[in-house]
Amino acid sequence: MNREVVVTEALGLLDEVGLDAVSTRRLAKRLNVEQPSLYWYFHTKKDLLAAMAEAAMEPHATAPLPTPGDDWRDWFADNTRSFRRTLLMRRDGARLHAGSTPGGDLARLRRKMDFLVASGVPERDAQMAMLAASRFTVGSVLEEQADTGPGDGAERPADMPVIDHESAFEAGLALLLNGLARRTGM
């Protein structure tokens, strides 16, 4: 057993039982070890959750970085969609991510910011756009993952419309992009 195995199994447990049911006791049972042995790798459950959040974000954290010839609008939209897809890959992925402190590669974030600035987006606007897109995406996925509709045992009231989460996300993303383009005159 090593740290990577513990995180992988913890993510498997998350997918099976959901964030509220993830516990070090359950994880130890899943790994067939005594609970205190997990503290060799993670001193607290918070440390474990942070490592899980970082591992869960790996698909987005390794997505291609923008290149100088890229259109900033297309890249921004693709980057935001990649973030959404990654959050949706895990049960309660948005909840796991929401509260975590980004510990990933800050150089990647700097390259993204530098790309937007080099494309003509003022630095402060680029920072706020990235933050707004991140929070919008997490909020959208939180709602999507919490949606109770047919198939989960809950009945949707007759007057409640069915939400097409992807279309709603794309509409919100377009509003963010259009607002940023207008603000920057691009």
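Counting helices only, and only those DSSP H runs with n ≥ 4, report the 222 nm mean residue ellipticity of the chain as the sum of -39,500 (n - 2.57) divided by its residues, in deg cm²/dmol to the nearest 500. Let's see the in-between values first.
Numbers: 9 runs with 118 residues, N = 186.
The helix-only estimate for the chain comes to -20000 deg cm²/dmol at 222 nm.
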Furthest towards positive pole of dipole, 89, 44, 167, structure part the chain, Cβ charges: 44
Can you list the aspartates and glutamates whose alpha carbon sits under 20 Å from that of residue 29, skipping same-chain ones fewer than 8 residues off? 4, 9, 15, 16, 20, 47
Return one number: the angle in degrees, 0 to 90 and rounded to the nearest 10, between the long axis of the Cα atoms of helix 3-17 and the longest principal axis of the Cα atoms of the chain. 90 degrees
How many nm is it between the label spots at residue 107 and residue 35, if each spot is 7 Å from the Cα in line with the beta carbon? 4.1 nm
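With every protein chain kept in the model, how would you rank 125, 78 by accessible area, 1.4 Å probe, largest at the top? Walk me through the numbers before you get to the answer.
Values: 125 25, 78 90 Å².
These residues rank, largest area first, as 78, 125.
Got the relative contact order for the chain handy, in percent, Cα pairs under 8 Å and 6 or more residues apart? Show your work: numbers first, answer last.
Details: 142 pairs, mean separation 39.2, N = 186.
Value for the chain: 21 percent.
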Residue-by-residue Karplus 3J(HN,Hα) for the range 20-37, coefficients 6.51, -1.76, 1.60, Hz, glycine and proline x: 5, 9, 6, 9, 5, 5, 5, 5, 4, 4, 4, 7, 6, 9, 7, 3, x, 5
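Count charges around residue 123 for me, please; just the other residues with Cβ under 15 Å from its Cβ, Lys/Arg as +1, Asp/Glu as -1. Working shown, then result.
On the way: positive: 110, 111, 112, 124, 183; negative: 114, 125.
Local net charge: +3.
Of 186, 52, which has the most accessible area and how do the rest follow, probe 1.4 Å?
Details: 186 65, 52 0 Å².
Reading off the accessible areas and sorting them downward yields 186, 52.
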To the nearest 10 square angstrom, what accessible area does residue 166 show with a 1.4 Å probe? 110 Å²
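With charges only on Cβ, +1 for K and R and -1 for D and E, what is the dipole size of the chain about its Cα centre, in debye, rounded to 20?
580 debye
Which length gain, in nm to one decimal place, applies between residue 1 and residue 43 when the Cα-Cα distance is subtracted from 0.36 nm times their residue separation? Walk me through the numbers before you get to the answer.
Details: separation 42, 0.36 × 42 = 15.12 nm, distance 1.61 nm.
Taking residue 1 through residue 43 to full extension adds about 13.5 nm, to one decimal.
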In a GNM of the chain with a 10 Å cut-off on Cα contacts, which of 121, 162, 22 has the highest mean-square fluctuation? 162
Can you give me the solvent accessible area of residue 115 with a 1.4 Å probe, rounded to the nearest 10 Å²? 20 Å²
Rounded to the nearest angstrom and ordered from largest down, what semi-axes does the equivalent ellipsoid of the chain get from its C-alpha gyration tensor (root of 5λ)? 34, 24, 11
Average Cα contact separation per residue, the range 45-109, under 8 Å, 6 or more apart, as relative contact order %: 50 percent
Ignoring ligands and nucleic acids, what accessible area does residue 62 show with a 1.4 Å probe (Å², nearest 10)? 90 Å²
With Cα atoms, 0 to 90° folded angle of helix 123-146 axis to the chain main axis: 50 degrees
Take the Cβ-Cβ distance between residue 15 and residue 134 as r, set R0 to 25 Å, and report the resulting FRET efficiency rounded to the nearest 0.05. 0.65
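The values are calculated or read from the model by the stated rules, or taken from the named source; none is laboratory data. A quick note: this is a predicted structure, and the numbers were derived from the prediction, not measured. FYI the Cβ positions are ideal-geometry reconstructions off the backbone, even for glycines, and counts take in every protein chain you see. Note: areas computed on protein heavy atoms with side chains; ligands, DNA, RNA excluded. Shrake-Rupley method; radii C 1.70, N 1.55, O 1.52, S 1.80 Å.
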